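The block underneath contains the structure these notes are about, expressed in structure tokens.
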Amino acid sequence: MTTDQAVPAPALSAVSTDLAANLADQAANFHRDGYVVLRNFASEQTCAALEQIARTQLAAAVAPVEYEADLGYPGAPAARDAAGGSTVRRLRQAWGRDRAFRDWASNPALVTVVQALLGEPARLTLAHHNCVMTKHPHFGSQTGWHRDTRYWSFARPELVTVWLALGDEDERNGVLRVIPGSHRAHLEPAQLDQAEFLVEAHPASQALLAGTAPLALHRGDVLCFDSRLFHSAGRNASNAVKLSVAFAYFGASNHPIAGTRSADFGSVELPAAG
Ligand SMILES: O=C(O)CCC(=O)C(=O)O
């Protein structure tokens, strides 16, 4: 189900003017807070192309997918054969699904930002994220406080997750929440459960949980966050599926640990931005 539809990149001139002027500020904010939001970064044309492919592939549950029922997070269907059991949570391996995803993830303007945040040329991991995240009404689950470091095994933990909203994301439909600055938090071992979710009842977690912030996004907004940043998301009380595209990047001096899933799925070298 590949349309191989090209998604136009923002003009390179956009990189060299507005964006370039702000890169140092964006990087400073990113290092301070653990995230940065690039408002209206992806064009309507880009969002429309990605949304159309995502909806088509979601309707047919084109493999590989992750089902809500298999994760069992709060609000998920109890089993695949329960009501809502075929609700897809992620369309995985987005890079291989369509040229539109590859064009977006390797877009020079985006790579320029990611490189500035990482401080070196960027590579895209194919092992983790690399997906369309969905949040369905009724059967979409709540995601507890976690850091994306739980998904991967790299020499150094600091990857950048890039989350593109294909529609509005707000309190009604499972907005992402973050704890600004938590990418630098020092945790007691008992603050994480076996799946590396934050144990909210732990006394040492209270200071972290006092500083949460919802990150409402509009279609075309891009959230870049440090993989050590605690974030969570609620359920979707609207009547429309929420769709977001997520890719993760690491710096050229970093590498996945041999023999782990992070290494086995491989990565994509991206041209160094000017
Ligand atoms: O939309 C959500 O539920 C959050 C997803 C998320 O943070 C994750 O899967 O790592």
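Only the Cβ atoms of Lys and Arg (+1) and of Asp and Glu (-1) were treated as charged; on that basis the dipole of the chain about its Cα centre amounts to roughly 220 debye. Selection among Asn107, Val222, Ile53 by position relative to the dipole of the range 15-263 gives Ile53 as farthest towards the positive end (Cβ unit charges, Cα centre).
Assign one of three labels to the range 15-263, namely rounded, prolate or oblate, based on the Cα gyration tensor with a ≥ b ≥ c the square roots of its eigenvalues; rounded applies when a/c is under 1.5, prolate when it is not and a/b is larger than b/c, and oblate otherwise.
rounded
With contributions of -39500 (n - 2.57) from each DSSP H run of at least four residues, the per-residue ellipticity at 222 nm computed over the chain stands at -6000 deg cm²/dmol.
Work out the FRET efficiency for Tyr73 and Asp25 from their Cβ-Cβ distance, taking R0 = 45 Å, and round it to the nearest 0.05. Calculated transfer efficiency: 0.80.
Can you give the extra length, in nm with one decimal, that the chain gains between Arg55 and Arg39 once fully stretched, where that is 0.36 nm per residue apart less the Cα-Cα distance? Walk me through the numbers on the way to the answer.
On the way: separation 16, 0.36 × 16 = 5.76 nm, distance 2.33 nm.
Between Arg55 and Arg39, full extension yields 3.4 nm more.
Take the Cα of Ala216, step 7 Å toward its Cβ, do the same at Arg228, and the gap between the two points is 3.1 nm.
For the chain, a Gaussian network of Cα nodes joined below 10 Å ranks Gly140, Gly34, Gly72 by mean-square fluctuation, and the top entry is Gly72.
Could you pull out which residues in the range 125-145 have an amide N less than 13 Å from a spot 7 Å beyond the Cα of Asp193, following the Cα-Cβ vector? Counting backbone N atoms under 13 Å from the label point, the list is 142-145. Rounded, prolate or oblate: which fits the range 26-75 when a ≥ b ≥ c are the square roots of the eigenvalues of the alpha-carbon gyration tensor, with rounded for a/c under 1.5 and prolate only if a/b beats b/c? Oblate, because a/c is 1.5 or more while a/b does not exceed b/c.
The value of relative contact order for the range 15-263, using C-alpha pairs under 8 Å at least six residues apart, is 30 percent.
Rule-based calculations on the coordinates, nothing more; no lab input. This structure is a prediction, so every number in the text was calculated from the model and none was measured. Here the Cβ is made from the backbone with ideal geometry for all residues, glycine too, and neighbour counts use every protein chain on show.
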